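None of the figures in this text is laboratory data; all of them are computed from the coordinates on show. All values derive from a computational prediction rather than experimental measurement. Because the Cβ atoms are built from the backbone with ideal geometry, glycine has one as well, and the counts that use them run over all protein chains shown.
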Amino acid sequence: MGELSEEEIGRVHQYLASQETLQREAALKSQESFFSWLRKMSLGHIIGKIVDWGILAIKKLFGWG
Amino acid sequence: MADLTTAEFRQVRDAMRRTLTSSPPTIGLIGVSGTGKSSTVNAMFKTKLPVSHTVACTKHFERVDLRLAIHSGEMQSEEVRLHVIDAPGLGEDVSLDPAYLDMYKEQLPRVDVILWILSARNRAMALDQQYLAQFSALAAKMVFGVNQVDLVHPMNWNEAINLPSTLMESYIEEIAADRSAKLSNVIGASVRLVPYSAVHGYNLERLFTVLIAALPEERRWIFHGLKAFTYRDFIPDSVKRVLKHKR
């Protein structure tokens with residue numbers, strides 16, 4: 001593969017930044033959803049113990065995906 | 001993990017199991033044959049829906065029960081099922097379509113989200129518009145994906161960076177605007193529409209984020225737990241090396 005141009009590198013940076021923002025947006029919405037679900041299951045008391053994990057709480061607990 | 005007591009962990013696990021068993025995640029897939037519906041689901045969730053490049057894999061309306069492997073963690077022996085409602089042969093045979101549409105009408109009200117796949121190559125929207133008119137009451141749970149943008153004129157995908165050329169990018173924007181307008185005209189409201197390429201993983205993150213936003217709030221964590229990709233999976237290693245070097 002030949003060397004990438006500055007324009008190409010710029011496009012990649014821009015694209016990655018946009019995808020990262022989207023990924024975080026989805027993660028935040030899903031985290032709120034998970035915590036809401038915990039409260040609905042009368043498990044709201046554990047939220048404080050896992051809040052540092054964020055959306056990774058699900059995968060960390062159960063290795064999904 | 002060490003922050004939770006064993007009893008607390010068990011409570012969460014049991015609650016998850018009950019929720020997933022009583023109400024497994026369900027996607028309604030709509031789109032005429034050849035738009036890459038199965039490829040899209042496979043890319044997002046690492047599933048193995050059959051993909052055919054010639055004829056539809058099956059002519060029958062399907063409710064596919066996908067069992068997703070849990071590879072690690074405390075629930076390693078547990079099963080998570082993703083249900084996909086699909087009519088793989090939609091649009092291929094005018095005699096079969098009414099039956100497919102009737103089955104969709106019965107099943108779609110019960111799904112969590114409807115993923116409607118269009119092909120960027122196909123400017124003819126009449127069939128999709130006709131189908132949409134029959135399901136417009138369900139528009140609130142719909143996400144439209146315009147797939148196969150890698151085949152947009154002049155088809156000079158930049159393989160080095162795995163992105164469309166700048167000219168393709170401008171045409172993709174036009175296509176997205178055109179399809180949005182045509183679909184919006186049918187339902188009388190704006191639609192959620194994302195142009196992407198399942199094969200190249202291009203904009204898959206955007207499609208997934210829009211899908212999450214379309215889900216009922218209480219269901220989002222389930223689908224996010226099943227997400228099996230990240231945008232970084234599709235960046236060529238050579239590009240990653242260059243970006244790392246440039247920092």
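For the range A:10-27, just list the computed ³J(HN,Hα) in residue order, Karplus coefficients 6.51, -1.76 and 1.60, θ = phi - 60°, integers in Hz, with x standing in for Gly and Pro.
My calculation for the range A:10-27 gives x, 5, 4, 4, 4, 5, 4, 4, 5, 5, 5, 4, 5, 4, 5, 4, 5, 5 Hz in order.
In the structure shown, do any of A:29/B:182; A:29/A:49; A:29/A:59; A:49/B:48; B:182/B:240 have a Cα-Cα gap over 27 Å, and if so which?
From the list (A:29/B:182; A:29/A:49; A:29/A:59; A:49/B:48; B:182/B:240), the Cα-Cα distance tops 27 Å for A:29/B:182; A:49/B:48; B:182/B:240.
Just want to confirm a number: the relative contact order over chain B, from Cα pairs under 8 angstrom separated by 6+ residues, in percent.
It comes to 20 percent, rounded to a whole number.
Could you give the Stokes-Einstein D for the range B:134-247 in µm² per second, using the C-alpha Kirkwood radius, 37 °C, 0.692 mPa s?
Reported coefficient: 207 µm²/s.
Under the 0.36 nm per residue contour assumption, what length would be gained going from the current alpha-carbon distance of residue B:173 and residue B:126 to full extension?
Length difference between fully extended and current span is 14.9 nm.
Within chain B, what percent of beta bridges assigned by DSSP are antiparallel, to the nearest 5?
Working: 9 of 26 bridges.
Antiparallel: roughly 35 percent of the beta bridges in chain B.
Would you please put B:213-221, B:172-180 in order of how densely packed they are, using the mean number of other Cβ atoms within 10 angstrom per residue and starting with the highest?
Final packing ranking: B:213-221, B:172-180.
Average partner chain C-beta neighbours within 10 Å, per residue of A:10-17?
Taking the mean over all residues of the peptide, I get 5.
Looking only at B:141, B:37, B:182, which one moves most when chain B is put into a Gaussian network model with springs between Cα atoms under 10 Å?
B:182
Could you identify which residue out of B:24, B:195, B:50 has the top mean-square fluctuation in a GNM of chain B using Cα springs shorter than 10 Å?
Among B:24, B:195, B:50, the largest mean-square fluctuation in the Gaussian network model of chain B belongs to B:50.
Per 5 Å bin, what is the whole-percent P(r) computed from every C-alpha pair distance within chain B?
For chain B, the pair-distance distribution reads 1, 6, 12, 16, 18, 16, 12, 8, 6, 3, 1, 0.
Taking amide H positions as placed in the peptide plane 1.01 Å from N, state which residues far from residue B:118 in sequence (5 or more) or on other chains have amide H under 5 Å from it.
B:145, B:146, B:147
Taking the Cα centre of chain B as origin, sum charge times position over the Cβ atoms of Lys and Arg (+1) and Asp and Glu (-1), and report the length of that vector in debye to the nearest 20.
Roughly 540 debye for chain B.
Taking beta carbons within 10 Å but only from partner chains, what does the mean come to for residues B:165-173? Before the final figure, lay out each step's value.
Values: counts 1, 3, 0, 0, 2, 0, 0, 0, 0.
Across the residues of B:165-173, the mean count of other-chain Cβ atoms within 10 Å is 1.
I want to verify the translational diffusion coefficient of the range B:1-49 in µm²/s; compute it with Stokes-Einstein, Rh as the Kirkwood radius over Cα pairs, at 37 °C and 0.692 mPa s.
Details: Rh = 13.8 Å.
Taking Rh from Cα pairs, D becomes 238 µm²/s.
Top mean-square fluctuation among B:231, B:171, B:202, Gaussian network model of chain B, C-alpha springs under 10 Å?
Looking only at B:231, B:171, B:202, the largest GNM fluctuation is found for B:231.
Any idea what the dipole of the protein assembly as shown comes to, in debye rounded to 20, about its Cα centre with Lys/Arg Cβ at +1 and Asp/Glu Cβ at -1?
On the way: 37 positive and 35 negative charges, 170 e Å.
Using Cβ point charges on Lys, Arg, Asp and Glu, the protein assembly as shown gives about 820 debye.
Can you tell me how the protein assembly as shown classifies by the Cα gyration tensor, rounded, prolate or oblate, using a/c under 1.5 as the rounded cut? Please list the in-between numbers first.
On the way: a/c = 1.92, a/b = 1.16, b/c = 1.65.
The shape class here is oblate.
Out of all DSSP beta bridges with both ends in the protein assembly as shown, state the antiparallel percent to the nearest 5.
35
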